[in-house]
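Asks: Dropping the structure in here first, questions after.
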Amino acid sequence: MEVTMDDAAGSASPFAAAPRNKPLSIRAPRAPAGAGDPSAAEEPVSPTARLMEGIYIVVIMGLGAPVNLPAFRTGIEAQLARYPRFRSIQVSKDGKPRWVRTSTLNLDDHIILPRLDPAAVASDPDQAVEDYVSSLSTAPMDHSRPLWEFHFLDFPTSEATSTVALRVHHSIGDGMLLLTLLMASTRSAADPTRLPAMPAPPSRTGTIYARPRPPLSAGAPAFVVWAWWYVVLAWHTVVDVALFVATIMFLRDPLTLFKRAPNVGRRKRFVHRSLSLDDVKFLKNAMSCTVNDVLVGVTSAALSGYYFRKSGDTNTRNICLRSILPVNIRPTTSLQTYVDMIESGNSNDVTWGNQLGYILLPFHVAMHDDPLEYVRKAKKTLDRKKSSLEVIFTHMVTEFIIKTFGVKAGTVVFDRVISHTTISFSNMIGPAEQVELCGHPIAFIAPSVYGLPEDLTVHYQSYGNSIKVILAVDEEHFPDCHQLLDDFTESLRLIKDAASKL
C-alpha cells in the first residue's frame, strides 16, 4: 500500500510511503472493570480536547543510529501502544464525542517509511527532512484509526544519523503528557536498564503559590502584608480576565511583519536551532532571574532584531505584541514522578488529556541600547503574571462555555483569542541526560504544533545541556525563517556578552 500526500494546492506530493510489510496487530485489552459493559472501554472527550479539531503536535527526533525498524516496532508495541489514548478513536454517541478503544491496533497503519527523491536527499539531506516534515502539515490523517503516526527518515543529516517524526492529534493530549509518555518509553543512554533522569521543574514562586498565613506572634503588620498580597492577586486577576474577555470580543494585536489575516490550512515549515543551556543558566544566575525570564527576553530580542532589519523602521521605539501561552495546570510535581508512575503501572494516577489554561503574555518589540533590557523587561512581565489567577480562570471559562453553550461556541472563542494575538509560545523541560528510544540514541528533540491560525509559533525544548528553539512558520509569510533563527542565536550571544561585563 502506498500513501500519497497532497500539498496546500492539492497537487501530488513527491513523498510516498513505502509498501508496508506483513501487518503486526495488537489485541487491545478491555478495561478490567465492567467486563460485560460496552462502555467500560469508553471515555468522554474532555471539553478542552474538543477544541483541538485540526490541531496536531509534531515531534522531530534526531537519532544517533540508523533506523532499526524491528526494534522500533517492538518498542512501540511494548510502550506507547499500551496507553488507552493510543488505542482509541473518537466517535459520536448521543451527540457527544467519546473515546472508544479499538478491538485491534495494526502498527503498520502507524509506521510510515516514505520514499524521497534520492537526488534531493543526496544534495541537501537537512532540507529533505525539513521539506518532508513540513508536508505533514497539509497531509490528512485517517480518523477511523487512532490519530498518531511515526515517520522514519533513514539517512544522515548534519545533526543526526537518522530522523523520526511523531505526529499526534492534539486531542490525545497536551505537550507535557506526550513528553511524559515519550520519556517513559526511553531509557538512559548511560545505563539502558533505568529510566532517564528528569530535572525537577523550577519551584513556583509568587502570590498564588506560596503565601502561608503568618503566625499570630508575627503581629498585625505581618498579617496586613499577607492580606495585601491577596488584594493584589485579586486585582491582577480581574484585570487579566477583563483583558482576556476584551481579546475575545474586540481587542486585537496590530498587523505587523509577524501577523497578517488569520490563516488555517496553509503549509507550515518547522525549523529549529540548538542553543547552549549553559549560556541560558549563566544569564539566569547573572541576572537573578529564571530560565523562563531569559527565554522570553531572548525571544523579544530576536523578534526585535528581525522586525527592525526587515522593516527598516527607524521611528518606532516599542511595539507590544501578545502571545498565547498554554500552561499546564496539573498539580505541581516533577516530570520524573509522572514517568516513574507510568513505568510502575500506575498510569491511572496521571491526569491525561489536555489540562491547559492560558495566559496572554506580552512581547515587546523594541530598540534597546542595552541588550540586558530585554531580559529585565521579560522578568518584570512574568513576575506580574505570577501574581494572577488568569490561567485558572481561562481554563474554567473555556470549560464553562463548552459545557453550557456547546463546542461550536467554545471553538469560536478559542479561535478569536488565537487570531487576535500574534504568536503562540511555550517552553518545556526535557531529560537532563542523553536517552535512548527503542534502542536508538536520541540526538535532539524538537516538538512543535500546526493547525493554529497564526503565522508564527515559538517553542523551546531542553534536552541534556542544550535547548532547542523551534519555529513553526507560515512558509509563504516567512520564506527567510532561517534568518529568524539566526536572530535567536545572535540575541542570546549579545545578551550573554553584555551580562559577562557586569
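The values are calculated or read from the model by the stated rules, or taken from the named source; none is laboratory data. Please read these numbers as outputs of a predicted model, since none were measured by experiment. Because the Cβ atoms are built from the backbone with ideal geometry, glycine has one as well, and the counts that use them run over all protein chains shown. What goes into the accessible areas is simple: the full protein's heavy atoms, side chains included, and nothing from ligands, DNA or RNA. Shrake-Rupley method; radii C 1.70, N 1.55, O 1.52, S 1.80 Å.
Asks: One residue is enough: does the stretch 319-331 have a residue meeting the conditions modelled with pLDDT under 65 and either closer than 26 Å to Leu251 by Cβ or open to solvent by less than 30 Å² (accessible area, probe 1.4 Å) (or both)?
Replies: Yes; the residues of the stretch 319-331 include at least one that is modelled with pLDDT under 65 and either closer than 26 Å to Leu251 by Cβ or open to solvent by less than 30 Å² (accessible area, probe 1.4 Å) (or both).
Asks: Applying the selection to the stretch 51-82, what residues are buried (at least 21 other Cβ atoms within 10 Å of the Cβ) and at pLDDT below 80?
Replies: Across the stretch 51-82, the qualifying residues are Leu51, Leu80.
Asks: While we're looking at this one, here's another question. Here are the criteria: (1) open to solvent by 40 Å² or more (accessible area, probe 1.4 Å); (2) in contact with a Leu (Cβ under 8 Å, 6 or more places away or on another chain); (3) within 24 Å of Val58 (Cα to Cα). Tell me which single one Arg266 does not satisfy.
Replies: Condition (2) is where Arg266 drops out.
Asks: Another question, then. What tally of residues in the stretch 279-312 results from selecting those that are under 23 Å from the mean Cα position of the chain (by Cα) and open to solvent by 30 Å² or more (accessible area, probe 1.4 Å)?
Replies: 6
Asks: List every residue pair whose Cβ atoms sit under 8 Å apart, with the two residues 6 or more apart in sequence or on different chains, where the first one lies in the stretch 109-122 and is more than 20 Å from Pro146 (Cα to Cα) and among the β-branched types (Val, Ile, Thr) and the second, anywhere, is at pLDDT 95 or above and assigned to a helix (DSSP H, G or I).
Replies: If the second residue must be at pLDDT 95 or above and assigned to a helix (DSSP H, G or I), the pairs left are Val121/Ala128.
Asks: Can you name the number of the only condition in (1) outside any loop (DSSP other than H, G, I, E, B); (2) at pLDDT 85 or above; (3) more than 20 Å from Ile423 (Cβ to Cβ) that Gln336 fails?
Replies: Going through (1) outside any loop (DSSP other than H, G, I, E, B); (2) at pLDDT 85 or above; (3) more than 20 Å from Ile423 (Cβ to Cβ) one by one, Gln336 breaks only (2).
Asks: A follow-up question, please. Just for the stretch 402-428: of the residues that are β-branched (Val, Ile, Thr) and touching a helix residue (DSSP H, G or I) at 6+ places or on another chain (Cβ under 6 Å), which one is nearest to Ala65 (Cα to Cα)?
Replies: Going through the qualifying residues, I end up with Val417.
Asks: Going through the stretch 180-211 one residue at a time, which ones are modelled with pLDDT of 80 or more and out of contact with any helix residue (DSSP H, G or I) (no Cβ under 7 Å at 6 or more places or on another chain)?
Replies: Selection gives Leu182, Thr186, Arg187, Ser188, Ala189, Ala190, Asp191, Pro192, Thr193, Arg194.
Asks: Give me the pairs, please: first residue somewhere in the stretch 130-150 and farther than 15 Å from Ile60 by Cβ, second residue anywhere and surrounded by fewer than 19 Cβ atoms within 10 Å (Cβ to Cβ) and of a type in the set (Lys, Arg), beta-carbon distance under 9 Å, and either six or more positions apart or on two chains.
Replies: Taking only residues 6 or more apart or on different chains, the pairs are Thr138/Arg266; Thr138/Arg267.
Asks: Limited to the stretch 55-81, what total is found for residues that are assigned to a helix (DSSP H, G or I), of a type in the set (A, V, I, L, M) and touching a residue at least 24 places away in the same chain (Cβ under 8 Å)?
Replies: Number satisfying all stated conditions: 5.
Asks: With the structure loaded, tell me whether Thr157 is open to solvent by 10 Å² or more (accessible area, probe 1.4 Å), closer than 26 Å to Ala65 by Cβ, of a type in the set (Ser, Thr, Tyr) and within 25 Å of the chain's Cα centre (by Cα) or whether it fails that test.
Replies: Against the criterion (open to solvent by 10 Å² or more (accessible area, probe 1.4 Å), closer than 26 Å to Ala65 by Cβ, of a type in the set (Ser, Thr, Tyr) and within 25 Å of the chain's Cα centre (by Cα)), Thr157 qualifies.
Asks: Can you name the residue in the stretch 169-195 that is in a strand (DSSP E or B) and touching a Lys or Arg at 6+ places or on another chain (Cβ under 9 Å) and, of all such residues, is most open to solvent (accessible area, probe 1.4 Å)?
Replies: Only one residue fits best here, namely Arg187.
Asks: Just one of (1) loosely packed, with under 13 Cβ neighbours inside 10 Å; (2) closer than 29 Å to Gly62 by Cβ trips up Phe258, so point out which.
Replies: The number of the failed condition is (1).
Asks: Among the listed residues Leu356, Leu360, which satisfies the condition of being modelled with pLDDT of 90 or more and within 19 Å of the chain's Cα centre (by Cα)?
Replies: That would be Leu360, the only listed residue that is modelled with pLDDT of 90 or more and within 19 Å of the chain's Cα centre (by Cα).
Asks: Ok, one more. What helices (runs of 4 or more DSSP H) completely inside the stretch 363-481 contain at least 3 residues that are open to solvent by 20 Å² or more (accessible area, probe 1.4 Å) and of a type in the set (A, V, I, L, M)?
Replies: 390-405, 407-420
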